[in-house]
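Undergrad: I'd like to ask you about the structure that follows.
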Amino acid sequence: MASCRRCDIRVLVAIVCGLLTTIVLGLGFWSIMIRIKRGTYAPSSSIPIAFCRNGGTWENGRCICTEEWKGLRCTMANFCKNSTDRGFTFLRIPVGRYGSSLEKCDKNTLNAGNPIATRLCNLNENGEITLENATIGSCNENLESLEKQIDSISVESQNISAEAQILTSDVGKLTPENITSAANVVGQIFNSSRNASSEAKLVAVTTVSQLLDVNEDVFQKKKKADNTFATLIEQMEDYSLSLGNKTVVKPNIAIQSVNFSSESTVQSTGVRFTVGKGSSNSLVSGSTSVSTSADSLDPDDQTELQIWLNTSKINLQSCGFVVYQNSKLFQSKTFTTKSNFSQKIISGTVNKNEKNQSPSVEMVFRPQYNAKEFQLHSYACVYWNFSMKDWDTNGCYKRGSDNEFLRCYCTHTTNFAVLMSFKGSYNYPESLNTISNVGCTLSIICLVLTIIFQIVTRKVRKTSITWVLVNLCISMLIFNLLFVFGIENSNKTNGSNTNNTASKSNVIPKKDISVTSNLTCTVTAALLHYFLLATFTWTALSAAQLYFLLIRTMKPLPQRFIMFVSLIGWGLPAVVVSMTVGIIFSHNKNDDQWELKYRQEEICWLAIPKSNGFMTSPFLWSFIVPVILILISNVVIFIIIVVQVLWKNNQNLASTKKVSSLKKILNTLSIAVIFGITWILAFLMLIDNNNIRNIFSYMFCLFNTTQGVQIFVFHTVKTKVFQNEASKVLKSLSSSSGKVQSLPSLTPLRLRVRMYNMLRSLPVLNERFRLLEPLVVTKETTFSESDQANTGS
């Protein structure tokens with residue numbers, strides 16, 4: 001009964017310890033997701049984390065607010081509250097935008113699933129936020145049917161324009177065909193020959209602004225290579241000349257017109273148009289200004305874009321400006337856009353009396369991008385060539401960059417842009433610290449010694465653990481070598497982040513994101529991934545083997561155990577790594593940055609994704625989940641072995657209690673090292689308290705970089721074979737040293753006798769670990785076969 005009670009207590013302790021370990025690992029896994037989620041926004045150390053309110057972010061020295069808020073700290077409301085009108089319900093609507101009704105068209109209608117009505121939130125003449133009446137659309141109309149009504153625009157322009165605006169209000173549902181149809185409709189509304197009403201044209205500007213909200217990928221899927229966008233752009237240029245000193249500003253487009261009196265005898269030296277920085281990334285009313293008597297550019301801290309037309313030698317009638325928030329209507333074949341960085345396009349058009357005269361143009365652009373993640377690499381001053389249907393540099397030149405502005409000069413007027421190429425702004429870490437260097441170096445040396453010892457003495461020790469332990473040491477050795485010599489990205493030292501904006505060559509970049517590929521780093525990351533997974537897999541196999549040997553002692557190991565564990569130990573990690581790289585490449589093969597979906601740029605290790613993609617990331621499923629599962633199984637087996645074998649009471653134990661406890665502790669530590677239990681410290685590093693986290697960080701670094709040393713100590717130095725042979729070596733060295741001192745006149749011949757005897761004894765090392773006995777060298781030593789035989793024995 002007493003023994004059963006002790007057994008029950010041990011089982012209970014094992015279960016409790018297993019549950020506690022599982023809870024620690026689970027909390028650690030949850031902490032990973034929480035910390036990554038918090039890491040999506042890392043404000044400047046000089047700015048409090050709560051300085052920008054209501055979702056605003058601190059970028060480029062100011063708060064960038066969402067469209068619904070404005071002000072220095074994003075605390076001023078910039079929206080219309082939830083409302084109802086004509087039986088339709090509308091949620092909060094940002095100023096300057098149309099809100100869609102919650103009511104949708106029935107599924108049996110032509111426009112099924114789209115909103116029935118829209119409502120504009122606008123500013124009145126006094127700057128007050130007001131809601132206009134709801135505009136109700138027809139559920140039996142769609143963009144394709146509107147496109148067929150172009151010939152009726154002259155009499156139905158207002159209704160057609162309103163329908164187009166309603167049908168494009170839900171930008172998430174628009175297809176490439178929808179965009180083409182909408183662009184064709186509004187392009188004809190702007191066409192002066194169609195005689196559309198001014199109200200219809202104002203609504204059409206809203207439709208264009210909504211189209212510019214559609215995802216870039218949808219624009220790039222547009223199959224028809226027609227002139228729809230080109231026609232729309234040209235018609236909007238003509239529209240900008242007809243507004244008569246008025247301004248139209250929508251979130252993604254701004255239009256300004258300047259008329260010159262025919263009676264004026266004083267010619268303007270130049271016209272300057274300015275777009276100022278707003279509290280958000282959208283264009284807002286009042287963010288544009290024009291000066292009709294400017295003699296040069298004059299940007300200030302609030303300027304985002306400025307253009308100056310030199311009209312001193314031209315007799316102008318009017319000029320117009322159009323600013324596009326992005327380049328989606330300008331689908332280039334030579335420049336590919338993948339990012340959401342601001343690539344504003346500005347059009348400068350003049351109506352002059354002399355056709356052969358053309359004003360020169362100077363421009364400044366302030367790049368808008370996330371400076372924490374990217375840096376400007378290069379840029380080109382270009383214009384849109386309608387005949388080429390692409391960007392061109394003919395007649396445009398770079399004037400350099402200063403004070404955060406990029407300067408351009410062109411000899412003609414048209415649609416201008418600065419095509420910018422960015423590179424990732426990576427903070428490459430410093431080289432490995434002293435603890436990591438020393439620990440990994442010692443581990444490498446000790447792992448090599450352990451492998452040699454395990455192989456050489458395998459028959460002397462007569463143990464079946466050698467194969468698993470040797471493979472564990474080999475995988476850990478290769479991982480340590482790769483970690484020390486390959487973890488750092490070579491881009492850190494080869495100047496991959498060199499800024500080329502100062503270059504005078506006006507060459508159009510191919511993409512907005514410039515990538516410095518490093519296949520060597522990717523291969524290193526894959527090898528590190530593989531050998532670290534292999535290391536954990538072999539720890540699991542070591543645990544399984546010890547379980548069979550110590551717990552299921554009456555049952556032999558499974559047949560072909562070595563072949564089976566070899567396939568698992570080396571094959572399973574290979575399958576995981578191959579599938580991970582293959583899936584990432586197949587999904588991103590057209591992306592030059594596909595490597596960074598797998599590995600980091602800062603170091604050659606697996607990429608840690610943002611919080612919004614963490615649950616589907618390969619880092620989670622190909623590394624964290626397998627490691628957690630292996631650690632949990634290893635901890636459970638470790639607890640079972642410790643409780644039922646190592647710390648089990650033995651009535652026949654002859655040693656003292658103190659010595660017995662010491663041996664138990666050492667045996668426990670030796671198994672913990674093989675099972676990789678110290679990797680649990682990685683989860684304790686996620687504690688929010690900095691002091692505690694630093695303590696566990698140093699402990700993790702110390703224990704895991706020296707894991708090879710620990711294996712050498714517990715599984716080589718502690719063995720009786722090693723201790724006995726080491727004792728013989730020490731005696732041999734001591735004896736040899738004494739004899740050499742007493743016989744300083746040894747001849748070279750006697751030295752060759754010793755070398756010959758040593759070489760003859762080397763084959764014995766292939767059978768069993770045996771250090772050479774010290775040679776007894778006397779004056780009577782001769783080069784005879786009998787002496788050689790004695791020495792060999």
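The values are calculated or read from the model by the stated rules, or taken from the named source; none is laboratory data. Because the structure is predicted, anything quoted here is derived from the model rather than measured. Counting neighbours? That spans all protein chains shown, and the Cβs are built from the backbone with ideal geometry, glycine included.
Undergrad: Being assigned to a loop (DSSP other than H, G, I, E, B), surrounded by fewer than 12 Cβ atoms within 10 Å (Cβ to Cβ) and of a type in the set (Gly, Ala, Ser), is that true of even one residue in segment 137-149? It would help to see each step written out before you state the result.
TA: First pass over segment 137-149, keeping only residues assigned to a loop (DSSP other than H, G, I, E, B): 137-142, 148-149.
From what is left, the residues that are surrounded by fewer than 12 Cβ atoms within 10 Å (Cβ to Cβ) are 140, 148.
If we keep only those that are of a type in the set (Gly, Ala, Ser) as well, we get none.
No - not one qualifying residue is present in segment 137-149.
Undergrad: Report yes if THR274 is crowded, with 20+ Cβ neighbours inside 10 Å and at pLDDT 90 or above, otherwise no.
TA: Considered against the rule, which asks whether it is crowded, with 20+ Cβ neighbours inside 10 Å and at pLDDT 90 or above, THR274 comes out as yes.
Undergrad: Would you confirm whether any residue within segment 328-344 is within 29 Å of LEU316 (Cβ to Cβ) and assigned to a strand (DSSP E or B)?
TA: No, every residue in segment 328-344 fails to be within 29 Å of LEU316 (Cβ to Cβ) and assigned to a strand (DSSP E or B).
Undergrad: Quick check: is even one residue across segment 612-621 modelled with pLDDT under 65 and out of contact with any helix residue (DSSP H, G or I) (no Cβ under 7 Å at 6 or more places or on another chain)?
TA: Yes: one or more hits.
Undergrad: Could I ask something else about it? Evaluate segment 118-129: report whether one residue or more is within 30 Å of SER192 (Cα to Cα), among the polar types (S, T, N, Q) and either touching a residue at least 12 places away in the same chain (Cβ under 8 Å) or part of a strand (DSSP E or B) (or both).
TA: yes
Undergrad: Quickly run through segment 359-402 and pick out the residues that are closer than 22 Å to SER282 by Cβ and modelled with pLDDT under 90.
TA: ARG366, PRO367, GLN368, TYR369, ASN370, ALA371, LYS372, GLU373, PHE374
Undergrad: Being under 20 Å from GLU125 (Cα atoms), among the hydrophobic types (A, V, I, L, M, F, W, C) and at pLDDT below 90 is the filter here, so list the residues in segment 245-271 that pass it.
TA: Result: no residue meets the conditions.
Undergrad: Of the conditions (1) without any contact (Cβ under 8 Å) to a residue 60 or more places away in the chain; (2) assigned by TED's automatic domain parsing to the domain that holds SER421; (3) not acidic (Asp, Glu), ILE307 satisfies every one except a single condition; which number is it?
TA: Single failed check for ILE307: (1).
Undergrad: Grab the helices (runs of 4 or more DSSP H) fully contained in segment 533-609, keeping just those with 1 or more residues being closer than 20 Å to ILE513 by Cβ and modelled with pLDDT under 85. Walk me through it before giving the result.
TA: Numbers: elements: 561-566, 572-588, 595-598.
Here the list reads 572-588, 595-598.
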